[in-house]
Amino acid sequence: MFDNIRGVITFEAVSAEPEIFLNILKQSTVSVSGISYKKGKIYGRVYGGDFPAVCEIAEENAVSIGISEKRGSIFRIKKYRLRFGIAIGVFLSLLMIFYLSNIVMSIEIYGNETLTDKQVISILSDAGIKIGAFIPNIDLRDAERRIVSFTDEIKWIGIRSSGCKIQAEISEMTDPPEMISTHTPCNIVSAKDAQIVDIKKIYNGMLIPMLYDGVKKGDLLVSGTVEDGHGGVYLVHSMGEVIGRYTEKVTFSQPYNDEIFDYSERVKRKYFTFFGLKIPLYIGRNDFGQYEYDETATNFRICNIELPVGTLISEYRPYSIEKISYTHEKAKQILESKIKLYEKNFLSDGNVTVVDKEVFFSETDSGSDVTVKYTLEGNIGIQQEIMAK
């Protein structure tokens, strides 16, 4: 194989004194093999690169020399060395393979239930991930953050690249509730310790407690075991709403001496990676003090073979820690803001009505606390499957 790469030349030489020429060849640094003498001619084999040295020895000794045979791929390649079209074609082919191995050719979606694949692909496109995008230029971690921040339908998304394919796994913001099949017999039981204040729309089943009765968590509200009036009993899928009044307590705290993280804008640094070596593609320094750090590495590929060459995007988020002291009044204002935020997030969806609210502030040497006691009204019934014995 090595001979094929270097190329071997079989020469033929005519000399008046062949013994002298052969002795000089043997004493030289040239590697000559297969020496023979036939019909007045000297034959031998040398590597293509050593043939000029043999010709020089022959010229110094008045020996006529020529080439009898050439063997090796190097000689075939040299025939085409001036045919630039072939070289350009090979270069363009390699360039095309490299390009196609590093662009997004397909996108696969996993985990979506209410959103369609087309909707998720549109969301990814808004974040710069689409068919034809150059993968090493895509910051996957930044795309994940942006999608979660500007999309109400997606709670979490994980994006990864596999060759020229992008795979996105999502978790939707509101998971569909687990529903008991309408063909499955079930009771309705109380989810709270409550007093019944209203009974709405009992479609199936038999109501057990009466209006204004008190119930505990787990008590039976609507039974799925129904009598037919003739001494027989059958099971149904209970359906209906039982409105109860119940209380809930929440507590919030605010220390007088606190620390807050003051974040600056994210700073991105791009590197070209070559066999583990990071070559900066930016101008500047990374003197950020305290910071959060994340990085995304993407290697180039050729025909789905990952190369030890690619790009690295480093993301720095500098921050400073600021110590803050609050007065009693300011701590109370912060606690009031926490109460409003809690009510907005958990009590403003229309499923619960706030009947009354009692607020109790307290103070310690280190901070202020608040306990809020809510009196609420809402549907307290939850379905519970009747297990056959």
If I go through the stretch 229-247 residue by residue, how many of them are surrounded by 14 or more Cβ atoms within 10 Å (Cβ to Cβ) and not basic (Lys, Arg)? 12
Would you pick out the residues in the stretch 264-278 that are in a loop (DSSP other than H, G, I, E, B) and either basic (Lys, Arg) or in contact with a Gly (Cβ under 6 Å, 6 or more places away or on another chain) (or both)? Arg266
Residue identified as in the same structural domain as Gly111 (by TED's automatic domain parsing), touching a strand residue (DSSP E or B) at 6+ places or on another chain (Cβ under 8 Å) and not basic (Lys, Arg) among Val215, Val222, Val148: Val148
Any pair with Cβ under 9 angstrom, 6 or more apart, that starts in the stretch 105-130 at a residue that is without any contact (Cβ under 8 Å) to a residue 40 or more places away in the chain and on the phi > 0 side of the Ramachandran plot and ends at one that is of a type in the set (Gly, Ala, Ser) and assigned to a helix (DSSP H, G or I): Gly128/Ala143
Matching strands (runs of 3 or more DSSP E) fully within the stretch 279-365 where at least 1 residues are surrounded by 11 or more Cβ atoms within 10 Å (Cβ to Cβ) and under 28 Å from the mean Cα position of the chain (by Cα): 291-302, 305-325
Whichever residue in the stretch 125-139 is of a type in the set (D, E, K, R) and not in a helix (DSSP H, G or I) and, among such residues, is nearest to Thr311 (Cα to Cα): Asp139
Gly244 fails exactly one of (1) on the phi > 0 side of the Ramachandran plot; (2) touching a strand residue (DSSP E or B) at 6+ places or on another chain (Cβ under 9 Å), namely (1)
If you go through Arg266, Arg285, the only one that is under 20 Å from Ser320 (Cβ atoms), modelled with pLDDT of 85 or more and in the same structural domain as Arg301 (by TED's automatic domain parsing) is Arg266
With respect to Ser368, determine if the residue is loosely packed, with under 14 Cβ neighbours inside 10 Å and farther than 11 Å from Val250 by Cβ. no
Residue check, Thr247 of a type in the set (Ser, Thr, Tyr), out of contact with any helix residue (DSSP H, G or I) (no Cβ under 9 Å at 6 or more places or on another chain) and in a loop (DSSP other than H, G, I, E, B): no
Of all the residues that make up the stretch 191-218, how many are surrounded by fewer than 16 Cβ atoms within 10 Å (Cβ to Cβ) and not hydrophobic (A, V, I, L, M, F, W, C)? 11
Does Phe252 meet the test of being touching a helix residue (DSSP H, G or I) at 6+ places or on another chain (Cβ under 9 Å), within 30 Å of Phe346 (Cβ to Cβ) and either hydrophobic (A, V, I, L, M, F, W, C) or in the same structural domain as Thr371 (by TED's automatic domain parsing) (or both)? yes
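The values are calculated or read from the model by the stated rules, or taken from the named source; none is laboratory data. Quick caveat, the model's predicted, so the values are computed rather than measured. Every residue, glycine as well, gets a Cβ built from its backbone with ideal geometry; the counts of neighbours run over all protein chains shown.
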